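Okay, so here's the structure we're looking at.
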Amino acid sequence: MSVTLGEAVTGAARGEKRTAWLSWLNPAYLIAGLLLLVLPALVGDFVLFSIFAWSLCLGMVALSLMFLAGYGGMVSLAQLTIAGIAGYMVAIFGTNGTGTGLGWPWWTVLPAAIAVAVAFATLIGALAVRTAGIYTIMITMAIAAAFFYFARQNYPIFNGYNGFNLVLPPKLFGVDWRQPLPFYYLTLAFATLSYAAVLYVSRSTFGLALQGIRDNARRMEAIGFNVVAHRIAANAFAGLIAAVAGIFLVWFNGGISPGSVGFGPAIDILVIAIIGGIRHPIGPFIGALIYALLSTFAMDLVDPIIGRERFKLIIGIGFLVIVLFSPDGILGLWDRLRARMAVSRDCA
């Protein structure tokens, strides 16, 4: 009895899904989850908000890039732009400090902001997926640069260089969600959902087909898969994650301006994803935590030596050191360490 390729992919996807959900029972996952839940009792409000909550927001943006690059073979420099569009839409559709917002209620602002950002991500996918390699990077970089200059020069819609301030989350159930403790748990909940969604999709029929396209697009097209449609759908899914992260980032910063979506921050997202590792969804969050720690404390460390304005030099050096010793980032170093430990146990 013959088995078609589609049936084989579906069967493999079912097995991968079972493995994915069983992996949540791994003791390392349970310990990490417990630590994240009790973290507010171990650290102060500054560390909780400015490091861990921020790293969760950045990690979600980097996660959207990791999904495209790791599973789809598409490196996009426009993920922060998509997040920025969602943030701008929250400011424009809702309320802001300039008084120019439309004043819509939050239950319409958030879906509308996400819808606009996902539509933009889908458009980027439609433009970029017919290219590969450096050409995809250049197209997405051009789109990111175009949006940056448009936002900076457009005053009727985006308020130009100044952007918008006092863009804050709604106070629901009597809770100020921008306070460190509520905001941390809110970002933790959505970061966990984003992580689980990427893990689930990557092991679904669609995700396995996307990985097949990453490895050999011509072969997948020859056996009947729509390569373009899969890549566009991947961009839309990644855009959804980036859009949610963009809403949290605008709430974290209390506003948004063109500098938030500039070329420098877009490169930072790529650095975060590579530092952590793009082979697994946990990598972007590891990279984001390292980036947040360096960004917060490196300034004080380098100020007496090279000046506060050059603190990103430390981040760049750290990035080069990690990539030099492990092109797969922190996850690659961890895999090497586990392999050496396993060899040592076998030899003993």
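Every read-out reported here was derived from the displayed coordinates using simple, explicitly stated rules and does not represent laboratory data. Only a predicted model underlies this, so the values are computations on that prediction, with no experimental measurement involved. All Cβ positions, even for glycine, are placed from backbone atoms using ideal geometry, and neighbour counts span all protein chains on display.
A simple charge model with +1 on the Cβ of Lys and Arg, -1 on the Cβ of Asp and Glu and nothing else charged puts the dipole of the chain at about 520 debye relative to its Cα centre.
Taking amide H positions as modeled 1.01 Å from N, with prolines and chain starts lacking one, the residues under 5 Å from GLY255 and 5 or more places away or on another chain are VAL167.
Here the mean projected area of the convex hull built on the C-alpha positions of segment 42-182 is 10.2 nm². Kirkwood radius and radius of gyration were both taken over the C-alpha atoms of the chain, and their ratio Rg/Rh is 0.98. Note on the chain: with a GNM built from Cα contacts shorter than 10 Å, the maximum mean-square fluctuation among VAL227, VAL116, VAL175 falls on VAL175.
Exposed loop sites were defined as chymotrypsin sites (Phe, Trp or Tyr not before Pro) in DSSP loop states (anything but H, G, I, E or B) carrying at most 15 other C-beta atoms within 10 Å; in the chain the longest segment without such a site runs 174-348. Just to be sure I understand the model, the point goes 7 Å from the Cα along the line to the Cβ. What's the resulting ILE223 to LYS171 distance in nm? The modelled label-to-label distance comes out at 5.8 nm. Among SER257, SER64, SER326, the residue with the largest mean-square fluctuation in a Gaussian network model of the chain, with springs joining Cα atoms closer than 10 Å, is SER326. Placing unit charges on the Cβ atoms of the charged side chains and taking the dipole of the chain about its Cα centre, the candidate lying farthest along the positive direction among ALA236, ALA222, ALA115 is ALA222.
In deg cm²/dmol and to the nearest 500, what is the mean residue ellipticity at 222 nm of the chain if only DSSP H runs of at least 4 residues count, each as -39500 (n - 2.57), divided by the residue total?
One gets -22500 deg cm²/dmol as the mean residue ellipticity at 222 nm.
3J(HN,Hα) couplings calculated from phi for segment 267-277 with the Karplus curve 6.51 cos²θ - 1.76 cosθ + 1.60 (θ = phi - 60°) are, in sequence order, 5, 4, 4, 5, 4, 4, 5, 6, 4, x, x Hz; Gly and Pro show x. Working from label points 7 Å from Cα in the Cα-to-Cβ sense, the ALA142 to VAL38 distance is 5.4 nm.
Here the 3J(HN,Hα) profile of segment 40-47, calculated from phi with Karplus coefficients 6.51, -1.76 and 1.60 at θ = phi - 60°, is x, 7, 9, 10, x, 5, 4, 5 Hz, Gly and Pro shown as x. Hey, in the GNM for the chain with a 10 angstrom Cα cutoff, which one of ASN216, ASN235, ASN162 fluctuates hardest? Largest GNM mean-square fluctuation: ASN216. Using a simple spin-label model with pseudo-atoms 7 Å out from Cα toward Cβ, LEU123 and GLN179 lie 4.0 nm apart.
Here the 3J(HN,Hα) profile of segment 141-147, calculated from phi with Karplus coefficients 6.51, -1.76 and 1.60 at θ = phi - 60°, is 5, 5, 5, 4, 5, 5, 5 Hz, Gly and Pro shown as x. Ignoring trypsin sites (Lys or Arg not before Pro) that are buried or in helix or strand per DSSP, and keeping those with at most 14 other beta carbon atoms within 10 Å, what is the longest stretch of the chain between them? By the stated rule (loop sites, at most 14 other Cβ atoms within 10 Å), 172-348.
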